[in-house]
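Participant: Got a structure for you, questions after.
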Amino acid sequence: MAYSATMKQAIGAVRAQLASAGFGMADSRFAHHGVHRVDPHAPLLLVACSGGRDSLALAAVTHTVASAWGMRCGAAIVDHGMQPGSALVAQRAAAQCERLGLAPVLVRTVHVRVGGEGAEAAARDARYEALAAAARETDTAAVLLGHTRDDQAEGVLIGLIRTGGVDAVAGMPAQQTVHGVRFVRPLLTVSRAQTTTICTDLGIEWWDDPTNGDAFAPDEPLPADYPLRSRVRHTLLPFLNEFAGRDMTERLAQGARVARRDLEWLDACTDRVFTECVQLEPGGDPCEARIDATRLAAQPQALRFRVIARVLTICAPGSGAAHVDAVEALVSQWHGQGPVQLPSKHTANRKKHVIRVCEDVTHANRRHSRQD
């Protein structure tokens, strides 16, 4: 079959990312032209498919690559139940994946519990849990996600709006492990326009999420009650493109690739320093940690902050930048100051060269009194 230039580029992107993840041709017979039967126990790739153009294009491309490499290719569709007709959209996506030749095709319905982080974050958490469960159920080698270059650029802008820092600029990783399952994003160098072309060329009809705001005119800003990602896509990025006179999507995605490389090195250094300077109390509930302030003070400032942030994420969820700054001051600006109050009823208190992050004794005594 002759492929278009767009399809060839997408195939190359998927091949490259799968190879980077350690996948390759099953055996030498798949190097020869012709039809080859894939072994029933060959590694399985599971494409997360929403029915949108990006995930359907990924399903088509991944099936092509997997067949050529002697791997199996299936799909998992998650119905969040948050919009009218979502079950019908999920079933339609499943039927499309089956027509493309993917097997198995799984549909999972989840209940999204919206908390303080908002509906979008709650839906994402529920989706990853469902995809990870489906992967474990089918002994999947990796779950593939259809995030594109456009999604990467939008994610960087959202990260800068909400948090900032190197982690925000680095965007989404091409590979990560969530709930013990490997997730791979092969299309981070492929644009949304290209996935649209692939679906059009293959005669695939896709579903557009109404919360994307496609019904609004390009020069009409989306209302504030639309998801932030939709407003960034519809309003902010087109403005940046016009203002800069260039494709800022490519610029932001390219910057994310460079920042991700640097961040991975920084994370490796943080792992080393964390092991050297932090002791977590085994089986502690609530969590307790001891930080060797003298050893941590000898480290570069960037590593000190990242190690402390990791400790607080583990022991005092909900801690923010101000809490990290205050605990870091116990390391680098120690002059006998008192304990730092942290979320989750924890404190960080330094005595001599050790900073102890643990549940506040006052809160603990109150709790035990209530129980008594």
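Participant: Expressed in whole Å with the largest first, what are the equivalent ellipsoid semi-axes of segment 14-96 derived from the C-alpha gyration tensor as the square root of 5 times each eigenvalue?
Facilitator: Square roots of five times the eigenvalues give 29, 12, 10 Å.
Participant: Could you give the radius of gyration (one decimal) and Dmax (whole number) of the Cα atoms in segment 27-171, in Å?
Facilitator: Spelled out, the Cα radius of gyration and Dmax of segment 27-171 are 17.1, 54 Å.
Participant: Rounded to whole Å and ordered largest first, report the semi-axes of the equivalent ellipsoid of segment 119-194 derived from its Cα gyration tensor (root of 5λ).
Facilitator: Semi-axes, largest first: 23, 15, 11 Å.
Participant: Next up: Once the Cβ-Cβ distance between residue 352 and residue 175 is put in as r, and R0 is 41 Å, what FRET efficiency do you end up with, to the nearest 0.05?
Facilitator: 0.45
Participant: Return the percentage of antiparallel bridges among DSSP beta bridges fully within the chain, rounded to the nearest 5 %.
Facilitator: 55
Participant: Across 5 Å bins from 0, what is the distribution of all Cα-Cα pair distances for segment 83-122, in whole percents?
Facilitator: Bin by bin from 0 Å, the calculated values are 5, 21, 19, 18, 15, 12, 7, 2, 0.
Participant: Just in segment 35-130: which trypsin sites (Lys or Arg not before Pro) are loop by DSSP and have at most 13 other Cβ atoms within 10 Å?
Facilitator: For trypsin sites (Lys or Arg not before Pro) across segment 35-130 that sit outside H, G, I, E and B with at most 13 neighbouring Cβ atoms in 10 Å, the list reads 37, 113.
Participant: In addition: For residue 360, list long-range residues whose amide hydrogen, built 1.01 Å from N in the peptide plane, is under 5 Å from its own amide hydrogen.
Facilitator: Here 346, 347 satisfy the definition.
Participant: Against the longest principal axis of the chain, how steep is helix 361-371, in degrees 0 to 90 to the nearest 10, with axes from Cα atoms?
Facilitator: With rounding to tens, the tilt is 80 degrees.
Participant: At q = 0.22, 0.24, 0.26, 0.28 Å⁻¹, what is the log10 ratio I(q)/I(0) for segment 59-134, with the Debye formula run over Cα points and no solvent?
Facilitator: Once normalised to I(0) and log-transformed, intensities are -0.96, -1.05, -1.13, -1.21.
Participant: How much area per residue is accessible in the chain when the probe is 1.4 Å and only protein heavy atoms are counted (Å²)?
Facilitator: Here the residues of the chain average 52 Å² of exposed surface.
Participant: OK, next. In Å, what is the Rg of the alpha-carbon atoms in segment 150-238, and how long is Dmax?
Facilitator: 15.1, 43
Participant: Name every cysteine in the chain that ends up alone, with no second cysteine's Cβ under 4.7 Å, or say none.
Facilitator: That list is 49, 73, 97, 199, 269, 277, 358.
Participant: Now a separate question. Could you derive backbone 3J(HN,Hα) for segment 44-49 from the dihedral phi with the Karplus parameters 6.51, -1.76 and 1.60 (θ = phi - 60°), listing whole Hz in sequence and x where the residue is Gly or Pro?
Facilitator: Per residue, the Karplus-derived 3J(HN,Hα) values read 9, 9, 10, 8, 7, 10 Hz.
Participant: 5 Å is the cut-off here: which amide hydrogens, built 1.01 Å from N in the peptide plane, fall below it relative to residue 191, excluding neighbours closer than 5 in sequence?
Facilitator: 149
Participant: Let me ask something additional. Evaluate the charge dipole of segment 230-358 about its Cα centre and quote only its size in Debye, nearest 20, assuming +1 on the Cβ of each Lys and Arg and -1 on the Cβ of each Asp and Glu.
Facilitator: It works out to roughly 160 debye.
Participant: Whenever you get a sec, compute what percent of the accessible area on the chain sits on carbon and sulfur atoms (1.4 Å probe).
Facilitator: The value for the chain is 53 percent carbon and sulfur by accessible area.
Participant: Semi-axes of the equivalent ellipsoid for segment 238-298, please: Cα gyration tensor eigenvalues, times 5, square-rooted, ordered largest first, whole Å.
Facilitator: For segment 238-298, the ellipsoid semi-axes come out as 41, 14, 10 Å.
Participant: Would you mind checking the radius of gyration and Dmax of the chain based on alpha-carbon positions, in Å?
Facilitator: Cα-based Rg and Dmax for the chain come out at 24.0, 76 Å.
Participant: Separate question: Enumerate the calculated ³J(HN,Hα) couplings along segment 195-208 in order (Karplus 6.51 cos²θ - 1.76 cosθ + 1.60, θ = phi - 60°), each rounded to whole Hz, writing x wherever the residue is Gly or Pro.
Facilitator: Those phi angles translate into 5, 4, 4, 4, 5, 5, 4, 8, x, 9, 8, 10, 9, 9 Hz.
Participant: Over 27 Å, how big is the tail of the calculated P(r) for segment 106-258, in percent of all Cα pairs?
Facilitator: Roughly 28 percent, once rounded to a whole number.
Participant: Taking the inverse of the average 1/r across all pairs of different Cα atoms in segment 301-362, what Kirkwood radius in Å do you get?
Facilitator: 11.5
The values are calculated or read from the model by the stated rules, or taken from the named source; none is laboratory data. Owing to the predicted nature of the structure, the values given are computational and were not obtained by experimental measurement. Counting neighbours? That spans all protein chains shown, and the Cβs are built from the backbone with ideal geometry, glycine included. Only protein heavy atoms, including side chains, enter the accessible area calculation; ligands, DNA and RNA are left aside. Shrake-Rupley method; radii C 1.70, N 1.55, O 1.52, S 1.80 Å.
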